[in-house]
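Working notes, structure below.
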Amino acid sequence: MAELTLSHQPDPADWPLESPAPKGGLAEVFRRRYLLKLVVKRQLAQQYAASVLGFMWSYVQPAIRFLVYYFAVGMVLKAHVDTPYFAIHLFAGLIMVQFFNQMVGAGTRSVWSNRRLVKKMALPREVFPVASVMVAGFHTLPQIGILAIACTIIGFTFEWTGLLAGLLGYGMLAVWGIAFALLFSALNVMVRDLQNLVGTITSFMHFMVPMIYSYNRIADSAIGGTIWEEVYLANPVATGVLLMQRCFWSGVVGDPSQTLYPDDLLLRGAIMLAIGLVFLFVAQRTFRRLESRFPERL
Amino acid sequence: MTESIVVDNVTKNFTMRDHRTLKQMLVASVRGHQISDTFRALDQVSFTVEQGESIGLMGLNGSGKSTLLKLINGVMRPDEGRVLTRGRIAGLIATGAGFHQQLSGRDNIFLNAAILGMTEAETRRKFDDIVEFADIGRFLDTPVAAYSSGMSARLGFAIAIHVDSHIFLADEVLAVGDRPFKRKCMERMQQIRKEGRTLFYVSHAPGSVRKMCDRVIVLEKGRIGFDGGVDEGIHYLKYDAPAPGDEPDDDDLGADI
């Protein structure tokens, strides 16, 4: 944007006649970084407003969830008997599932809960779902740090393939998360049922990925080797969890014969990333189309 | 002269939905009722505003004034036709800006200023002026939810008026403020006018329109009923004949709405 002239009279050369509606699109969101930063900061502050533990909740919550699964699935159902370092296996999966659930959950509600602004101010509305995804990212990074520390204490063999798998898994899931957040935040304005649907999907997600059980169990199960196994793996969260485990869990276990993954795991991850990018493109187009109806539907 | 606002053959429809749930929609379609109905808020509206003009937009409630302002401000897009503007736009759409209720006044100032296109440095430079103009005192760090409607409107107006803009939109801004504040607003808007900015002022008060504007556009059921001189416009609306029981002061400063 050009600097303002003191006379408050726009020079036609600098200021062409154009549509006053915000250009929108993800590019515009990142061009207005200062606005994005404020929205992200605000969401972070708001999330734990009037709570005593505040930001600590993003550690307490996953810790409790981890302990419950470790007790119920690990110790009672004995899933950790055939899974070495079950705790790492579980925690790596839990981080990815929570990352996805937070992105999609908060993203879906993002436009609706900012309706006061959306109705009255001209701004690229994509900023709200994008901010939700970034907030989810901020919550996840410290957890990955804790996981890395735990792995280092146990004893960790570094591998470039593992690091690549971890980064690919995280990045791929973030792309899917932004796409879902964009699409669902727009649809949620039109049909408020979506909020409930998303709540249902995210609560299933803990069981639909190899987290509380290892991939071994899927390969051995009735769906192993069938088309249904491919359907199971087509879930980007399942692939993301496996890639994260390839990074941390495999690094701790060491012996590859004890850690089973689907064939060509990295290639699968790359394909999921490519599909995710196409989906992101479609989601953004859909958001643009629905966005013009936001002010009257909110 | 340069064109500041071009509204070209603009139509805007709203969809009204009576049947919200699947069951209601099914029942309605079985009975042959219409599932949705549209309402035309603006109907082929066209006009051009030159830079530095100050327009009084008048019309009865429901004539499409706010919709037109939302299109010019960019919150909405027209269904048909096009709206073009030149330069940065600031102002208020209806009373009370888009504030976030849980955020403090301070945070809302920064957020709102950022949405209006101000940088962080620019906001810091003008922060004290904004706070002083809004006169919210020690409520600055209180969540906006606790503000009275007057305080909230004052803060919104204070932010909008401190943005360096080329076009200033004012929608019934004077409806909630008290008299000293209204006076202050009128002074600032006169200043904006003198600076050569384009002013778009929605009001029901003929007195303030007369003081502030050099052209009046009257909307009638979504169409342009009148576009021309101020006195003729007010006469067109029959707002110049005092209604029984009107206080003369209302005419002076504008009890909008």
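The values are calculated or read from the model by the stated rules, or taken from the named source; none is laboratory data. All values derive from a computational prediction rather than experimental measurement. Neighbour counts are summed over all protein chains in view; Cβ atoms, including those assigned to glycine, are modelled from backbone coordinates with ideal geometry. Note: accessible area is taken over every heavy atom of the protein model, side chains too, but ligands, DNA and RNA are not part of it. Shrake-Rupley method; radii C 1.70, N 1.55, O 1.52, S 1.80 Å.
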**Item:** Lone unmet requirement of (1) within 22 Å of A:Ala92 (Cα to Cα); (2) open to solvent by less than 80 Å² (accessible area, probe 1.4 Å); (3) not charged (D, E, K, R) for A:Leu194
**Value:** (1)
**Fill in**
In region B:119-139, anything away from chain A (no Cβ under 14 Å) and surrounded by fewer than 14 Cβ atoms within 10 Å (Cβ to Cβ) is listed as B:Asp128, B:Asp129, B:Glu132, B:Gly137, B:Arg138
**Asked** Got a number for residues in region B:205-239 being in a loop (DSSP other than H, G, I, E, B), open to solvent by less than 70 Å² (accessible area, probe 1.4 Å) and out of contact with any Phe, Trp or Tyr (no Cβ under 7 Å at 6 or more places or on another chain)?
**Response** 5
**Single unsatisfied condition, B:Leu174 versus (1) at pLDDT 85 or above; (2) assigned to a helix (DSSP H, G or I)** = (1)
**Request:** Working carefully through the options B:Gly56, B:Gly91, B:Gly105, find the one that is open to solvent by less than 20 Å² (accessible area, probe 1.4 Å) and over 16 Å from B:Ile159 (Cα atoms).
**Result:** B:Gly56
**Item:** Residue identified as under 30 Å from A:Ser250 (Cα atoms) and surrounded by 15 or more Cβ atoms within 10 Å (Cβ to Cβ) among A:Tyr70, A:Tyr59
**Value:** A:Tyr70
**Item:** So B:Leu116, is it within 30 Å of B:Asp8 (Cβ to Cβ), at the interface with chain A (Cβ under 9 Å from one of its Cβ atoms), touching a residue at least 12 places away in the same chain (Cβ under 8 Å) and open to solvent by 10 Å² or more (accessible area, probe 1.4 Å)
**Value:** yes
**Asked** Given (1) within 14 Å of chain A (Cβ to nearest Cβ); (2) of a type in the set (A, V, I, L, M, F, W, C); (3) not in a strand (DSSP E or B), where does B:Phe181 come up short, assuming only one miss?
**Response** (1)
**Request:** Taking only region A:255-298 into account, find how many residues are of a type outside the set (Gly, Ala, Ser), more than 30 Å from A:Asp220 (Cβ to Cβ) and outside any helix (DSSP H, G or I).
**Result:** 2
**Asked** Considering region A:104-125 alone, what residues qualify as being open to solvent by less than 10 Å² (accessible area, probe 1.4 Å) and within 13 Å of A:Gln43 (Cα to Cα)?
**Response** A:Gly107, A:Ser110, A:Val111, A:Asn114
**Request:** Kindly check whether there is at least one residue in region A:23-44 that is more than 10 Å from chain B (Cβ to nearest Cβ), more than 20 Å from B:Asn73 (Cα to Cα) and of a type in the set (Val, Ile, Thr).
**Result:** yes
**Prompt:** Can you tell which of B:Gln44, B:Gln51 is among the polar types (S, T, N, Q), more than 30 Å from B:Ser148 (Cα to Cα), within 12 Å of chain A (Cβ to nearest Cβ) and in contact with a Ser or Thr (Cβ under 7 Å, 6 or more places away or on another chain)?
**Reply:** B:Gln51
**Item:** Selection from region A:214-240 of residues that are in a loop (DSSP other than H, G, I, E, B) and farther than 17 Å from A:Ser250 by Cβ
**Value:** A:Ser221, A:Ala222, A:Ile223, A:Gly224, A:Gly225, A:Thr226, A:Ala234, A:Asn235
**Message:** So A:Arg246 passes all but one of these: (1) open to solvent by less than 40 Å² (accessible area, probe 1.4 Å); (2) of a type outside the set (Gly, Ala, Ser); (3) assigned to a helix (DSSP H, G or I). Which condition number does it fail?
**Reply:** (1)
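Residues to consider are A:Pro210, A:Pro256, A:Pro262; find the one that is without any contact (Cβ under 8 Å) to a residue 24 or more places away in the chain and either more than 30 Å from A:Arg297 (Cβ to Cβ) or touching an Asp or Glu at 6+ places or on another chain (Cβ under 9 Å) (or both).
Working: A:Pro210 fails: without any contact (Cβ under 8 Å) to a residue 24 or more places away in the chain; A:Pro262 fails: without any contact (Cβ under 8 Å) to a residue 24 or more places away in the chain.
Matching residue, one of A:Pro210, A:Pro256, A:Pro262: A:Pro256.
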**Message:** Condition check: modelled with pLDDT under 90, away from chain B (no Cβ under 14 Å) and more than 25 Å from B:Asn108 (Cα to Cα). Does A:Leu77 satisfy that?
**Reply:** yes
**Message:** I'd like to know if region B:141-150 contains one or more residues that are among the aliphatic types (A, V, I, L, M), out of contact with any Gly (no Cβ under 8 Å at 6 or more places or on another chain) and either modelled with pLDDT of 85 or more or open to solvent by 30 Å² or more (accessible area, probe 1.4 Å) (or both).
**Reply:** yes
**Prompt:** Somewhere in region B:207-219, is a residue within 27 Å of B:Arg86 (Cβ to Cβ), at pLDDT 90 or above and hydroxyl-bearing (Ser, Thr, Tyr)?
**Reply:** no
**Asked** Are any residues in region B:59-91 facing another protein chain (nearest Cβ under 9 Å), assigned to a strand (DSSP E or B) and in contact with a Phe, Trp or Tyr (Cβ under 6 Å, 6 or more places away or on another chain), and if so, which ones?
**Response** B:Arg86
**Request:** Sort through B:Thr67, B:Thr48 and tell me the only one that's surrounded by 20 or more Cβ atoms within 10 Å (Cβ to Cβ) and either modelled with pLDDT of 90 or more or under 15 Å from A:Glu296 (Cβ atoms) (or both).
**Result:** B:Thr67
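From the list A:Phe128, A:Phe158, A:Phe138, which residue is under 16 Å from the mean Cα position of the chain (by Cα) and surrounded by fewer than 19 Cβ atoms within 10 Å (Cβ to Cβ)?
Exactly one residue qualifies, and that residue is A:Phe138.
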